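First up is the structure itself, then whatever we jot down about it.
Here, each number is a calculation from the coordinates, and none is a lab measurement. Predicted, not measured: the structure shown is a model, and the values here were computed from it. Cβ placement follows ideal geometry from the backbone for every residue including glycine, while neighbour counts extend to all protein chains displayed.
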Amino acid sequence: MMGMAYAVLTRDSASAAAYAALLEPLGLEVVAMPVTRYESTGATLDTTCDFIVVASPRAAQELSRAQPPSGEVWAIGSATQRALGDIAAIVPDNVHDGRELAHALAPRVRGKRVLLPRAEEGRPETREILRAAGAEVVDVIAYRTVPVAADSPDLARGLELLRGDGAAVCAVFAPSQVEALFALVAPRAAIVAIGETTAAALRARGVSAVAVAPTPTPEGIAIAVASVYPRRT
């Protein structure tokens, strides 16, 4: 009987657990390799705005430390909703990124103040769509993504696998993770991306074959992984 193969995920072990449960039936053991970490900027969030747009679990964590919001909170997906804790949020169906969330909210924002807590390196589309719809966007850099040090013990096992032929699959979850990953190693494993933005960053790094998750969820990653593992010959 063949032993388990390995899938390296550029996430911390807590975040990787949901993916491990779905990749194990494919014969893959997940190894967490968190190539980036978050730093709060300590910025003040004006939670009296009419709407608050929360496009990531990390933005949700920053909001949860602020004063309770008086306006409507709009968020993306179950992971972000969980990170909000007791904060009630509107989570539209079939919305997968900040751009889609902004389009969903746009008909309601003319003349309204919209708080947008975001990453320092965040893309501008969400802000631009809301402003074009007539909102006063309170754009706040609430956190930043920084690379994890190369000698961190949290990276050791994943790097060992990726530097050799030990990893069958490497899954990446953000453009910032792409940059941090390739600063450490050029993986020889099959590459899976959480979405098209991350896939574009991988292609810019010379990765021609990228399997893209159809949805940014553990289930979507499992579908993408199943499309490339086992490798077709």
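A few notes on this one:
- Inter-label distance, nm, simple model (7 Å from Cα along the C-beta direction), R110/S13: 5.4
- Cα centroid separation - the stretch 130-209 against the stretch 53-67, whole Å: 21
- Measuring nothing but how far apart in sequence close Cα pairs (under 8 Å, 6+ apart) lie, relative to its length, the chain scores a relative contact order of 21 percent.
- Eigenvalues of the alpha-carbon gyration tensor of the chain, scaled by 5 and square-rooted, set the equivalent ellipsoid semi-axes at 34, 17, 16 angstrom, largest first.
- Label-point separation, R157 to A186 (7 Å along Cα→Cβ), nm: 2.8
- DSSP beta bridges in the chain [antiparallel fraction, %, rounded to 5]: 15
- Cα gyration tensor shape of the stretch 38-145, rounded if a/c is under 1.5, else prolate or oblate by comparing a/b with b/c: rounded
- Between T41 and Y143, R144, the built amide H atoms are under 5 Å apart, and every one of these is 5 or more places off in sequence or on another chain.
- Residues within the reach of a label modelled at R82 (point 7 angstrom out along Cα to beta-carbon, backbone nitrogen below 20 Å), restricted to the stretch 202-233, are 213-225.
- In terms of its alpha-carbon gyration tensor, the stretch 95-219 comes out prolate; a/c meets the 1.5 threshold, and the first ratio a/b outweighs b/c.
- Length released on extending from S208 to V91, taking residue separation times 0.36 nm less the Cα-Cα span: 38.7 nm
- Computed Kirkwood radius, in angstrom, where 1/r is averaged over Cα pairs of the stretch 65-116: 11.9
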